[in-house]
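Taken together, the values in this text are just the output of simple stated rules run on the coordinates, not laboratory data. Computed from a predicted model, the values in this text were never measured in an experiment. Here the Cβ positions follow ideal geometry from the backbone for every residue, glycine too, while neighbour counts run over all protein chains shown.
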Amino acid sequence: MIVVLLGPPGSGKGTQADAILARYNLPHISTGDMFRSAAAEGTPLGLKAKSFMDKGLLVPDDTTIGLVQERILKPDCEQGCLLDGFPRTIAQATALDLMLESLGRKIDCILYFDVDPQILVKRLSGRRICTKCDASYHILFQPPLQEGICDHCGAELYTRDDDKEETAHHRLEVFEMNTAPLVDFYLDQGRITDINAAPSPKEVTVSVFAALDKLGLA
Ligand code: AMP
C-alpha cells in the first residue's frame, strides 16, 4: 500500500505520520527528515538542501526526485510506504507516477490535510523540537511539562530554522505557488481523500484511520 500525505506546512502531516506509523506497518519516507539528517551529517546533498530549507524554499525537483527514487527501491518498500512531504510539485508527482508505473505499482491513497492558512503560521511558529530525540511539541497546543525541556529524554527543545515566523510565512507562499497546483492536479484526477485538519490532532487521527481502514490497510 502506497500512501501519500499532502498538506501545507503546519497542517499536521508529521504528527499524523507518527500516528499512522504506530498503527500500520509501513516504512516512512519523509523527504524533510531525509534532508535534515543529510544536512546534520554535512553531506554534499545535505548542504545543498540546507541552503534551500533555511530560506523556506523547495529543494530542486531533480535532487528530491533522485533521493526518493533511490529510497523507494529499497527492499523494505516492497509492500508499500508512507510518503510524507513528497510529492510537492506537479513535476515530482509525474515522476513518481512514472517511477511506480515502471515497477507495476501505483499510489493507493492521497490524504490531503485541509486547513485554513491563517491557522498555519500560528501552528508553525509555536512548534518546538527536541535536540536529541526529535519529539515534537507546541508551546500553545502541546507544551512540554517543563518549558524548553523534552518530556521524554530531558534534552533541550529548539525552533527549527524554517519554523521561524518570517520563514514560516514564506513556506506558506511556496506551498501556494508550487503545491496548491499539485492539489488541483490530483483533485481533477479524483485522487484526493480530503481530511479536515483544523480540529485537534486526535480528532484528525480518527479521520485518517477511518480513511486508511476503508482501504483495508492493516
Ligand atoms: P518538511 O519537514 O516536510 O516541512 O520539509 C522541510 C523542508 O525540506 C521544506 O521546506 C523544503 O525545503 C524541503 N523539502 C522537503 N520535502 C521536499 C520536496 N518534496 N520537494 C522539495 N523540497 C522539499
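In terms of modelled amide H atoms, which long-range or inter-chain residues lie less than 5 Å from the amide H of Phe86?
Hits under the 5 Å cutoff: Leu5, Thr31.
Could you give the size of the charge dipole of the stretch 75-218 about its Cα centre, using +1 on the Cβ of each K and R and -1 on the Cβ of each D and E, expressed in debye and rounded to the nearest 20?
In debye, rounded to 20, the stretch 75-218 gives about 180.
For the stretch 120-218, state the semi-axes of the equivalent ellipsoid (square roots of 5 times the eigenvalues of the alpha-carbon gyration tensor), sorted largest first and rounded to whole angstrom.
Equivalent ellipsoid semi-axes, largest first: 29, 20, 11 Å.
Under a straight-distance cross-link criterion of Cα-Cα below 28 Å, which lysines are reachable from Lys214, leaving out those fewer than 8 residues away in the same chain?
Once the sequence-local lysines are set aside, what remains near Lys214 is Lys13, Lys74, Lys106, Lys202.
Under 17 Å from the Cα of Lys55, which aspartates and glutamates turn up, not counting those fewer than eight places away in the same chain?
Lys55 reaches Asp33, Asp161, Asp162, Asp163, Glu165, Glu166, Glu173, Glu176.
How many angstrom lie between the Cα centre of the stretch 144-191 and the Cα centre of the stretch 1-64?
10 Å
Which of the chymotrypsin sites (Phe, Trp or Tyr not before Pro) found in the stretch 79-161 are loop residues per DSSP with 15 or fewer other Cβ atoms within 10 Å of their Cβ?
Phe141
Bin width 10 Å, origin at 0, all Cα-Cα pairs of the chain: what percent of pairs per bin?
Values per bin, smallest distances first: 8, 33, 40, 18, 2, 0.
Enumerate the whole-percent occupancy of each 10 Å bin, from 0 to the last occupied one, for all C-alpha pair distances of the stretch 38-91.
21, 50, 27, 2
Which ³J(HN,Hα) values in Hz, rounded to whole numbers, follow from the phi angles of the stretch 28-44 under the Karplus curve 6.51 cos²θ - 1.76 cosθ + 1.60, where θ = phi - 60° and Gly and Pro get x?
9, 10, 10, 5, x, 4, 5, 5, 5, 6, 5, 5, 5, 7, x, 6, x
Evaluate E = 1/(1 + (r/R0)^6) for Lys48 and His170, where r is the Cβ-Cβ distance and R0 equals 25 Å; express this FRET efficiency to the nearest 0.05.
FRET efficiency, Lys48 to His170: 0.85.
Which ³J(HN,Hα) values, rounded to whole Hz and listed in residue order, are derived for the stretch 70-79 from phi using the Karplus coefficients 6.51, -1.76 and 1.60 in 6.51 cos²θ - 1.76 cosθ + 1.60 with θ = phi - 60°, glycine and proline given as x?
Result, ordered by residue: 4, 5, 6, 7, 5, x, 5, 9, 4, 8 Hz.
Percent of Cα-Cα pairs more than 23 Å apart in the stretch 4-115, please.
27 percent
Express the Stokes-Einstein translational diffusion coefficient of the stretch 6-65 in µm² s⁻¹, to the nearest whole number, given a Kirkwood radius over alpha-carbon pairs, 4 °C and a viscosity of 1.567 mPa s.
Answer, rounded: 102 µm²/s.
Karplus couplings for the stretch 5-17 from phi (6.51 cos²θ - 1.76 cosθ + 1.60, θ = phi - 60°), rounded to Hz, Gly and Pro as x?
Those phi angles translate into 9, 10, x, x, x, x, 7, x, 3, x, 4, 5, 4 Hz.
Within the chain, what's the longest run with no GluC sites (Glu not before Pro) in a DSSP loop and at most 12 other beta-carbon atoms within 10 Å? Give the range, please.
My reading of the result: 1-77 is the longest stretch.
Under a cut-off of 17 Å between alpha-carbon atoms, report the lysines in cross-link reach of Lys50, not counting same-chain residues fewer than 8 places apart.
Cα-Cα hits under 17 Å: Lys164.
GNM on the chain, C-alpha springs below 10 Å: top fluctuator among Ala91, Ala17, Ala155?
The residue with the greatest mean-square fluctuation here is Ala155.
Between Gln146, Gln16, Gln69, where does the largest GNM mean-square fluctuation fall for the chain, given springs only between Cα atoms within less than 10 Å?
For the chain, modelled as a Gaussian network with Cα springs under 10 Å, the answer is Gln146.
Among Pro201, Pro87, Pro60, whose mean-square fluctuation peaks in a Gaussian network model of the chain (Cα, cutoff 10 Å)?
Pro60
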